[in-house]
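Working notes, beginning with the structure itself.
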Amino acid sequence: MDAIAVPQDRGKGWYVSLMAPNTKGPKFAWLDPSRLYCNSQALSDCVKDLLKPFQDDVIDIVAGIDAMGFILGSAVATTLGKGFLAIRKAGHLCIETQTQDYSDYSGREKLMEVRLDVLRPGLRVLIVDQWIETGGTMKAAIQLVEKQGATVVGVAAVAIENSEGGRWVKQNYKYSHCIPEELQAQIDSQYLESFTLFGHKKQ
């Protein structure tokens, strides 16, 4: 995908059109944001856009949410020169953890966990996920960080939908996302006009 034409004037979110629509039905998320990671310039610009609101903030560590938040969170951490903490779906870590229940975007009840030997009072954490749809996953991650006394500097995601949970995040925490204001309505309606590039019509 690096062969794809990159526009000369790369405004915020130019890479949104690289994201692919869901072609597998309602069991899956409505789009695949990770397609933009396949283009090195798009990934680099996405990370830069996410970090702009935090350039004057002290960030000690970046936390990414299982699973796609690991990709973007690792890229953010590397750009900042900071460490990366994985917030995982419960049952995968072979060490002592703290858990938090939550409902994901599909409404399924799940558990999330984080290790106990990294977070501590005074540590300033930037939490990264790929997408915030209902906000349940991000809220659980925030709770895990704060339960151990660390401070959430902010929240970053490719997009934050204006759902009840998305609005809660925006109202209570500093945040960043990659969606230009003129595309937010399309994000909230869960259909991008750029999907037509894939021959995908709105259902």
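The values are calculated or read from the model by the stated rules, or taken from the named source; none is laboratory data. What you see is a predicted model; the values in this text were computed from it and never measured. Cβ placement follows ideal geometry from the backbone for every residue including glycine, while neighbour counts extend to all protein chains displayed. Side chains are part of the model used for accessible areas, which takes the heavy atoms of the whole protein and leaves out ligands, DNA and RNA. Shrake-Rupley method; radii C 1.70, N 1.55, O 1.52, S 1.80 Å.
Brief remarks follow.
- All positions within the stretch 22-53 that are of a type in the set (Phe, Trp, Tyr) and within 20 Å of residue 107 (Cα to Cα): 28, 30
- All positions within the stretch 111-144 that are of a type in the set (Lys, Arg) and open to solvent by less than 60 Å² (accessible area, probe 1.4 Å): none
- Tabulated pairs, the stretch 178-203, first within 18 Å of residue 25 (Cα to Cα), second open to solvent by 100 Å² or more (accessible area, probe 1.4 Å) and β-branched (Val, Ile, Thr), C-beta under 9 angstrom, 6+ apart or interchain: 198/23; 200/23
- Strands (runs of 3 or more DSSP E) wholly inside the stretch 32-127 containing at least 2 residues that are at pLDDT 95 or above and over 16 Å from the mean Cα position of the chain (by Cα): 97-103, 109-115
- Extreme residue, farthest from residue 146 (Cα to Cα), among residues of the stretch 166-195 that are touching a strand residue (DSSP E or B) at 6+ places or on another chain (Cβ under 7 Å) and assigned to a helix (DSSP H, G or I): 195
- All positions within the stretch 150-168 that are of a type in the set (A, V, I, L, M, F, W, C) and open to solvent by less than 20 Å² (accessible area, probe 1.4 Å): 150, 152, 153, 155, 156, 157, 158, 159, 160
Here's the yes/no breakdown for (1) over 30 Å from residue 97 (Cα atoms); (2) of a type in the set (Phe, Trp, Tyr); (3) open to solvent by 10 Å² or more (accessible area, probe 1.4 Å):
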| position | (1), (2), (3) |
| --- | --- |
| 20 | yes, no, yes |
| 33 | no, no, no |
| 40 | yes, no, yes |
| 48 | yes, no, yes |
| 55 | yes, no, yes |
| 76 | no, no, no |
| 81 | no, no, yes |
| 85 | no, no, no |
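- Residue count for the stretch 11-31 satisfying the condition of being in a loop (DSSP other than H, G, I, E, B), in contact with a helix residue (DSSP H, G or I) (Cβ under 6 Å, 6 or more places away or on another chain) and not aliphatic (A, V, I, L, M): 1.
- Meets criteria (open to solvent by 10 Å² or more (accessible area, probe 1.4 Å), farther than 21 Å from residue 47 by Cβ, among the charged types (D, E, K, R) and modelled with pLDDT of 95 or more) for residue 147: yes
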